[in-house]
Every structure is written in structure tokens, then in C-alpha cells.
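First the structure, in the form of C-alpha cells, and then the observations on it.
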Amino acid sequence: MTATGTPAEPLGIGEVAERTGLSIDTLRFYEREHLLVGPVGRTAGGRRRYSTFDVEWLLICVKLRESGMPLAELRRFAELVRSGPGNEAERLDLLEAHRQRVDARIRELEECRAVISWKVGVYAEHLARGKAGGLWDPTA
């Protein structure tokens, strides 16, 4: 639906690739792997036609994948959504487990950033004093 309440025109695969940042090959892969909630519409000539809902779902999938959700879990999440009401607790459990993994990864990355920032400071201090001798010098 558009802002005026009229149904949005279906989109071709190229338009969906542009809107989601996924390649055409990845969109076809997602369809083959049953990662979409519903079947992708087709024209009489067999060309894919995506709905606004398909694009919104794909944008969620992009973020779940970018955050490290395995394909098997994404497939399971799509299965649960396709199944309709009654399995919301399982969906919540799946998403909560993924969020906990993402939170743990963020903590790990923050620790890495702290070490990198410390090392940047060490190098900046040595360079500001005009001498960098002794910084990882295997001959020292």
C-alpha cells in the first residue's frame, strides 16, 4: 500500500535489488532457500514481481544476516512467520537468542577497539616526541 492507501505496483527483481542492496543472484537464492515469507508473484511471462511486503521482509532479512544470523535460523524464522499466528513465543525466542549473540559480539568488538585505541595512543605519543624507537623493533 502507498501512503494514499492504494496498492503499490509490484516491483521487478532489479528494483528490489536496488532497494535492498541484495544482488539479483542473492534474491533468487533467498527464494530458492525459502527465506521469503510468501511466494514471489510472477507475470504471465514468468518474471518475478515483488510486493511492498516482500521488500520490507527482505530489509529485515538483510539486517539479520548482516548481524550474523545463520541461514538456518533465518529460514526457521521465515517458516514460523509463514505458519501464521500461534508461534510468536518461538519467534521471540529465536530473535532473543540472536540479540544475545549480537550483544556478545558488540562487547568483544568494544574490547578490540579499546586495545586498538590504546595502541594508536602509544604510536601517536612516540611520533609526537619525534622518536618511535622500540615500538615492536625486533632488533632492539
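Read-outs: derived from the displayed coordinates by stated rules, not from any lab. Predicted model only: the values in this text are computed from it and were never measured. As a convention, Cβ positions derive from the backbone with ideal geometry for all residues, glycine included, and neighbour counts pool all protein chains shown.
Taking the C-alpha atoms only, the angle from helix 52-66 to the longest principal axis of the chain is near 30 degrees. Taking E15, E31, E125 as the candidate residues, the one with maximal mean-square fluctuation in a Gaussian network model of the chain, Cα springs under 10 Å, is E125. Under a model in which nothing but the beta-carbon of Lys, Arg (+1) and Asp, Glu (-1) is charged, the stretch 13-128 shows a dipole of about 440 debye around its Cα centre. Among G45, G68, G21, the residue with the largest mean-square fluctuation in a Gaussian network model of the chain, with springs joining Cα atoms closer than 10 Å, is G45. If each Cα of the chain is one equal point scatterer, what is log10 of I(q)/I(0) from the Debye formula at q = 0.14, 0.20 Å⁻¹? Log10 of I(q)/I(0), two decimals: -0.77, -1.22. Label separation (R76 vs C112): 2.5 nm, computed from points 7 Å beyond Cα along the C-beta direction.
Ordered by the count of other Cβ atoms within 10 Å of each Cβ, fewest first, L64, L109 give L109, L64. Compared with the alpha-carbon gap, the fully stretched path from E18 to H34 is longer by 3.7 nm at 0.36 nm per residue. Distances between placed amide hydrogens fall under 5 Å for G41 paired with R49, S51, all partners being 5 or more residues away or on another chain.
If you plug the beta carbon distance of V55 and A104 into 1/(1 + (r/R0)^6) with R0 = 41 Å, you get a FRET efficiency near 0.85.
Look at the dipole of the chain built from charges on Cβ: of C61, V120, H98, the Cα furthest out on the positive end belongs to V120. If r is the Cβ-Cβ distance from E96 to V120 and R0 is 41 Å, what FRET efficiency results, to the nearest 0.05? The value I calculate is 0.70.
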